[in-house]
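Q: Take a look at the following structure, please.
The values are calculated or read from the model by the stated rules, or taken from the named source; none is laboratory data. Remember, it's a predicted structure, so these values are computed and weren't measured experimentally. Note: ideal-geometry Cβ built from the backbone for every residue, glycine included; neighbour counts use all protein chains shown.
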Amino acid sequence: MEQTRELLINMGPQHPSTHGVLRVLLKLDGETITWAEPDIGYLHRCFEKLSESKTYPQVIPYTDRTDYLSAITNEHAFCLAVEKLMGIEVPERAEYIRVMMAELQRICSHLLGLGAMALDLGAVTGFLYAWRDREKIYSLFERITGGRMLYNYLRIGGVRNDLPEGIIGTPRDGRDKADKTIWGFINYFESYVLPEWDDLLTNNRIFQWRTQGVAPLPSEVAIAYGASGPVLRASGVKWDLRKNVPYSIYDRFEFDIPVGKENGDCFDRWVVRVEEMRQSARIVKQALQWLAENPGDYIAPKLPRVLKPPKGEVYIRYEGSRGEVGVHLVSDGSANPYKVKWRSPCFTHLQLLPVLAPGHKLADMIAIIGSIDIVLGEVDR
Amino acid sequence: MELPIYFPLGLGALLFGIGLWGALTRTNAVRILMFIELMLNGVNLNLMTFTRYYYPENATGPILTLFVMTVAAAEASIGLAIILQIVRNRGTVEVDKVDLLKG
Amino acid sequence: MEPLDIRPDLEALKAAYPAVEIAEAATGHFDIRVSLDQYLDVVRFLKDRGFNYPACITAIDWKDRLELVLQLYKLVVGSRQSPLVMVRVDGLPREGAEVPSVTPLYPGLNWHERETYDMYGIRFQGHPDLRRILLPDNWQGGHPLLKDFVDKRPRRPRLVRHRDTIVSG
Amino acid sequence: MSLADLWAQHWFRAFVTGSLVLVFALGNFYITLWLERKESAWIQNRLGPMRAGPQGLLQVLADLFKLLQKEDIVPRNVDRILFLIAPFVAHIPALLIFLVVPFGPNLVVADYDIGIIMIAAVTSYAVIATFIAGWGSNNKYSLLGAMRGAAQMISYEVTLVMSVIGVAMMAGSLKLSDIVLAQAERGVLGWYLFPQFIGFIVYLIASLAELNRAPFDLMEAESELVAGYHTEYSGFRFAIFLLVEYVHMIAWSAIAATLFLGGWVGPTPADIPVIGPRLFGWMTGPVWDNIWGFCWFLFKTYLLIFIVIWIRWTFPRVRIDQLMDLGWKFLLPVSLFNIFLTGVMKYGWNVLAESGSPLRWLFWLWR
Amino acid sequence: MTAQYLSFGVLALVTLWSAYKVVTARLITHAALWMALSFTSVSGIFLMLQQEFIAALQVLIYAGAITTMIIFAIMLSSIREIRVEPQQQTFGQRIRASGLLAVVVGLVFAAFMTYVYYVSEIPKEAVPDPGLLTVRQVGATLFTRFTVPFEVASILLLLAMIGAIILTAKETE
């Protein structure tokens, strides 16, 4: 008899809730999805080909543009790779500044990821609250680096300039100084913003309806598919590169790794990200205490104008805000990198869509994409 | 009510007539159900006219109409359910094509 | 959080496949040079030894030959310093290189292999759905990341003559 | 033909009161739209429209003019008549509800003694209007949206009527002015909000779903690919749909205010115990009662409109199957239980009234 | 005086015209909407007969529930042939011929009604404007004298609901 024939529709690339130019082909049987296939490449800017004709310091601004929502972490990954290749010793103050900036950037990128997911599920207010707090971080970054979103602030061996006067502030700074001093922001963030996120959305009945039990991801499948970061941790795998494969000075900080239950679903991925913001705030506080105690201005070693790293290869693994960022550098001794491979976590997480989506409703697809939190700049590079 | 009684009665009769005429001529099952509802409407109208003109304080008129409406609703739902089954099995909703008993 | 030592696994691999060269690179990862025909068996062997996490797969164009690099490591919860292993297959021809696909073993490398094919032109046998991923499907311009890649698309005529306007110092 | 006997004419009185109701609806539409922008801005700690007029009051005017001067595109192979009349059919239920709602002691257009059933009957037109809009615009997606919207409206219409029956049982009559008078005797604590709290909550949720608003606005959700039945409309007709949505919202808030918060009942300045009569004594009298009644009615309606807007900007959207489950499997049984509870409590109060036992005060709330 | 004739004339005209259109509307969805219009105007006539309760019920049950049900049935049943009504060649003649049938049936029915009207001993002249029948009285008699039919009607509705669900529920659940 007349079957409801399967409806093939494509969502995107101009779909409001696909976080950028992602196109997903969906086969629908009535309301439930039977087959999903992401189609990417709309934002491909051939980052790897470009960096082969640039010198090492010139590549740094390009790394900002891959995951444009957490630029500092990308720069940090690239600089670590080059420093490891050339064996450069980074001054301690620069290390602390880098870690503090990276964790602030992680908070900022999580805020946007959570806000965008809330917006897709209909909570417009949640989105605007995330915007409000991000503005405060951006004004801090603007005073430190001059840029609001893409900074080109890190240099190979250190940072470009020292922290401006009075930006650290005192631990007693409260809400009024939230966008003036980093202490002010952290206290405001921990005392006011995080509890608000829990009340507004995490404990919101309808939000839980829409996300709990949606797209569970068992830990074996997560590992087999190369998931990393919040997506992997939400599936119950306690793996954080800052702790398990420590780089830079992360082993001096104590913070714990939030983990979801065995079959982590959208709700666990949400809770893990909110908890991670709390841990990042803790790290920033410890970095601030160290920076306050030993002022100094030695932030970058003297390096020759043209860097020529020795022939060789390096692959470093860095805990970006969306997952494990891998930088694979091959150098042939010249001033230009012979090959740069950027292992992008969002690129790998998108492979989960065809596994997670079937069987769910169309409205759940939005929650799934929001929960794996992809940035098309990093997917397409 | 200055309106003479045979005005609403006439209207009820005509409504019933149109319902009957439609039911006899059209072949789409869903449409025939519509005509049945029209006929029941005609009946209700007559019922109400008599209540209003002769026994206004007697409550049995409205109650009977209430029951007619309940039956109409039940009949419509069962009729539509049967029609959906016919559509599911025979693929058509044309009454003259569903003639399994022709033998 | 004791540091993870993978030397016994590498010795076992050396014992199983003598033709394999294992070297520890200065920058802290292990290189395993493998020939093309032993590649799949070595990867299967490593997977059984517990290298469960597929980092990524890529290729390097040494101008006269292509080299395939597969990066794996052991994701053991609670371990520290889980070193990375690079399985390398050298000497692949620049056009029409055929390599067995590891997607059945590590589904996570599905798209990475498609990207390597898209960028370097290495075909992966047994890959469920090998087609271009980043470039448009109707892209005829060859494989961009090869060193000798020339963009053959017609140059759009430049509207303004750039040289005359700026008096360069 | 003096004004008095002109007023006696039925048709003249109908014309005047009808136009007054229309003015009331449009005026409140204007204020509600402005309130929605301002309140959502306040919730999301931004300022909302500030430039057009003081505190953005003229912003709504600007919106309406913008919509009015937009080209009213009527797609070619559209079901012409249906497409054109759909917005106006959608208006019928919204405006007819005001027919029955008492704005003041004797400010009622037509006080039918079947008030609540009349409201229920009129709202069933909203379903037909949605279908006409969806079918009229002749595109598969808006038809799907219309059917989905109609299904949602029907399933919540039943719950809506059931949740209101409790109030009718308490007041002993369906006539809205009787209900308000009954609440007047019971004093402020006696409003039906307190005994009928379950009914009020179910009513609020069901009316949100009936309006396709707040957590249940499945149709305009950008995550759904179907942009609802008013995709094909533009310009003036789309403004009418906007008008319909807000007038519907005001109507439902007005009914809730009448049924649960005691419509125009409220202490007037003259009732202040000691100084009231002396200081504000001149403010009593039938005309002033109407004025104070109307003010209290407006205050309560806007209180509920405030809550409806507040809910819209805090809750995310519900999925279609959760929406249906909530409607049929939770709200309907709860409202039926509420009816049962009210019946038992009222019976208990009357029975114990004769025996005069102290146990009676247990049922005091439902007296 | 003339107000009643005028309003009755308008309502009667609307009812009959929409009923006629239900028969001759080409698209079945149009037919359903014409039917809704005729129900509304019949409810208008009930209002004229001062039966508000029945007028409201008429709108609630007929114009609201039954029309919507029929619309949903149309959508579910004949999606394919909604657009194009099968135009048999003989359709035109059948309508014209049966038009006659309608008039004949109407006349026969009217004649029969008048015969019953005269032969029965109903008081001939209309009762002057009586007290209006309030809903309270209707409710009271419904639950006192008509409790059994009321319960039977509710069981009937229950059966109808169960029947409809069983007939149309897809096997997938």
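Q: So, in segment A:251-263, exactly how many residues are among the charged types (D, E, K, R) and either part of a loop (DSSP other than H, G, I, E, B) or at pLDDT 95 or above (or both)? Spell out how you get there, then give the answer.
A: As a first pass, look at segment A:251-263 and keep what is among the charged types (D, E, K, R): A:251-252, A:254, A:256, A:261-262.
Narrowing the set further to residues that are either part of a loop (DSSP other than H, G, I, E, B) or at pLDDT 95 or above (or both) leaves A:254, A:256, A:261-262.
Counting residues in segment A:251-263 that are among the charged types (D, E, K, R) and either part of a loop (DSSP other than H, G, I, E, B) or at pLDDT 95 or above (or both) gives 4.
Q: With respect to D:V167, is the statement that it is more than 16 Å from D:R367 (Cβ to Cβ) and not hydroxyl-bearing (S, T, Y) true? Don't jump to the end; show me each part of the working.
A: Details: more than 16 Å from D:R367 (Cβ to Cβ): no; not hydroxyl-bearing (S, T, Y): yes.
Against the criterion (more than 16 Å from D:R367 (Cβ to Cβ) and not hydroxyl-bearing (S, T, Y)), D:V167 does not qualify.
Q: Further question: Hey, does segment D:76-83 have a residue that's under 26 Å from the mean Cα position of the chain (by Cα) and surrounded by fewer than 20 Cβ atoms within 10 Å (Cβ to Cβ)?
A: No, that holds for no residue.
Q: Still on this structure: Just to be sure I understand the filter: pairs with C-beta atoms under 7 Å, separated by 6 or more residues or on different chains, first member in segment A:183-204 and within 14 Å of chain D (Cβ to nearest Cβ), second member surrounded by fewer than 16 Cβ atoms within 10 Å (Cβ to Cβ). Which pairs pass?
A: Every condition considered, the pairs that remain are A:Y188/A:G174; A:Y188/A:R175; A:Y192/A:R175.
Q: Look at A:G312 and say whether it is within 13 Å of chain C (Cβ to nearest Cβ) and modelled with pLDDT under 90.
A: On the way: within 13 Å of chain C (Cβ to nearest Cβ): yes; modelled with pLDDT under 90: yes.
Answer is yes for this residue.
Q: Let me ask you something else. Tell me which residues, restricted to segment A:220-239, are assigned to a helix (DSSP H, G or I) and surrounded by 24 or more Cβ atoms within 10 Å (Cβ to Cβ). Break it down stepwise before answering.
A: To start, the set of residues in segment A:220-239 that are assigned to a helix (DSSP H, G or I) comprises A:220-224, A:229-234.
Residues satisfying the conditions are A:A222, A:G229, A:P230, A:V231, A:L232, A:R233, A:A234.
Residue-wise test of (1) among the hydroxyl-bearing types (S, T, Y); (2) more than 30 Å from D:V74 (Cβ to Cβ); (3) surrounded by fewer than 24 Cβ atoms within 10 Å (Cβ to Cβ).
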| site | (1), (2), (3) |
| --- | --- |
| D:A126 | no, no, no |
| D:F131 | no, no, no |
| D:L144 | no, no, yes |
| D:R148 | no, no, yes |
| D:S155 | yes, yes, yes |
| D:M169 | no, yes, yes |
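Q: While we're on this one: Among what's in segment B:9-44 and is of a type in the set (S, T, N, Q) and in contact with a strand residue (DSSP E or B) (Cβ under 9 Å, 6 or more places away or on another chain), pick the residue that is farthest from E:Y115 (Cα to Cα).
A: B:N28
Q: When you scan segment C:87-123, how many residues do you find that are within 9 Å of another protein chain (Cβ to nearest Cβ) and under 18 Å from C:D64 (Cα atoms)?
A: Residues in segment C:87-123 being within 9 Å of another protein chain (Cβ to nearest Cβ) and under 18 Å from C:D64 (Cα atoms): 1 in total.
Q: State whether one or more residues within segment D:186-197 are modelled with pLDDT of 90 or more, in a helix (DSSP H, G or I) and surrounded by fewer than 24 Cβ atoms within 10 Å (Cβ to Cβ).
A: There is at least one residue in segment D:186-197 that is modelled with pLDDT of 90 or more, in a helix (DSSP H, G or I) and surrounded by fewer than 24 Cβ atoms within 10 Å (Cβ to Cβ).
Q: Of the residues that sit in segment C:28-86 and are within 8 Å of chain A (Cβ to nearest Cβ), part of a loop (DSSP other than H, G, I, E, B) and out of contact with any Lys or Arg (no Cβ under 6 Å at 6 or more places or on another chain), which one is nearest to A:K84 (Cα to Cα)?
A: Going through the qualifying residues, I end up with C:G28.
Q: Give all pairs with beta carbons closer than 8 Å in which a residue from segment B:1-22 that is over 12 Å from E:T15 (Cα atoms) meets a residue that is not in a helix (DSSP H, G or I); count only pairs at least 6 apart in sequence or on separate chains.
A: Sorted first by the residue in segment B:1-22, then by its partner, the pairs are B:M1/E:L49; B:M1/E:A126; B:M1/E:D129; B:E2/E:M1; B:I5/E:A126.
Q: Only one of A:L232, A:L217 is within 12 Å of chain C (Cβ to nearest Cβ) and modelled with pLDDT of 90 or more; which?
A: A:L232
Q: In segment D:178-212, how many residues are within 16 Å of the chain's Cα centre (by Cα) and of a type outside the set (A, V, I, L, M)?
A: Total satisfying the criteria: 6.
Q: Looking only at helices (runs of 4 or more DSSP H) that fall completely inside segment A:112-207, which ones have 2 or more residues that are within 30 Å of A:M86 (Cβ to Cβ)?
A: Numbers: elements: A:124-145, A:182-188, A:194-197.
Hits in segment A:112-207: A:124-145.
Q: Among residues belonging to segment A:135-153 that are in contact with a Ser or Thr (Cβ under 9 Å, 6 or more places away or on another chain) and in contact (Cβ under 8 Å) with a residue 24 or more places away in the chain, point out the one that is surrounded by the fewest Cβ atoms within 10 Å (Cβ to Cβ).
A: Keep residues of segment A:135-153 that are in contact with a Ser or Thr (Cβ under 9 Å, 6 or more places away or on another chain), which gives A:140, A:148, A:151-153.
Add one more test, that the residue is in contact (Cβ under 8 Å) with a residue 24 or more places away in the chain, and what stays is A:140, A:151-153.
Working: A:L140: 22, A:Y151: 22, A:N152: 17, A:Y153: 22.
Within segment A:135-153, the match that is surrounded by the fewest Cβ atoms within 10 Å (Cβ to Cβ) is A:N152.
Q: Of all residues in segment C:1-20, which are loosely packed, with under 11 Cβ neighbours inside 10 Å and in contact with a strand residue (DSSP E or B) (Cβ under 9 Å, 6 or more places away or on another chain)?
A: Selection gives C:E2, C:P3.
Yes or no, residue by residue, for (1) at pLDDT 85 or above; (2) surrounded by fewer than 14 Cβ atoms within 10 Å (Cβ to Cβ); (3) at the interface with another protein chain (Cβ under 8 Å from one of its Cβ atoms):
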| site | (1), (2), (3) |
| --- | --- |
| E:D129 | no, yes, yes |
| E:L133 | no, no, yes |
| E:F143 | yes, yes, no |
| E:F146 | yes, no, yes |
| E:V152 | yes, yes, no |
| E:I155 | yes, yes, no |
| E:L159 | yes, yes, yes |
| E:K170 | no, yes, no |
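Q: Would you pick out the residues in segment A:33-80 that are out of contact with any helix residue (DSSP H, G or I) (no Cβ under 8 Å at 6 or more places or on another chain) and either at positive phi or in contact (Cβ under 8 Å) with a residue 60 or more places away in the chain (or both)?
A: Answer for segment A:33-80, where residues must be out of contact with any helix residue (DSSP H, G or I) (no Cβ under 8 Å at 6 or more places or on another chain) and either at positive phi or in contact (Cβ under 8 Å) with a residue 60 or more places away in the chain (or both): A:T34, A:C46, A:E52, A:S53, A:T55, A:P57, A:P61, A:L80.
Q: With the condition kept exactly as written, say whether any residue in segment A:101-118 is in contact with a strand residue (DSSP E or B) (Cβ under 9 Å, 6 or more places away or on another chain) and farther than 30 Å from A:A367 by Cβ.
A: Yes: one or more hits.
Q: Might you check whether a residue that is under 20 Å from A:H349 (Cα atoms), part of a helix (DSSP H, G or I) and either modelled with pLDDT of 85 or more or among the charged types (D, E, K, R) (or both) occurs anywhere in segment A:76-91? Even if it seems obvious, please write down each step before you answer.
A: As a first pass, look at segment A:76-91 and keep what is under 20 Å from A:H349 (Cα atoms): A:77.
When the remaining residues are screened for being part of a helix (DSSP H, G or I), the result is A:77.
This time we only want the ones that are either modelled with pLDDT of 85 or more or among the charged types (D, E, K, R) (or both), so: A:77.
Yes, that holds for at least one residue.
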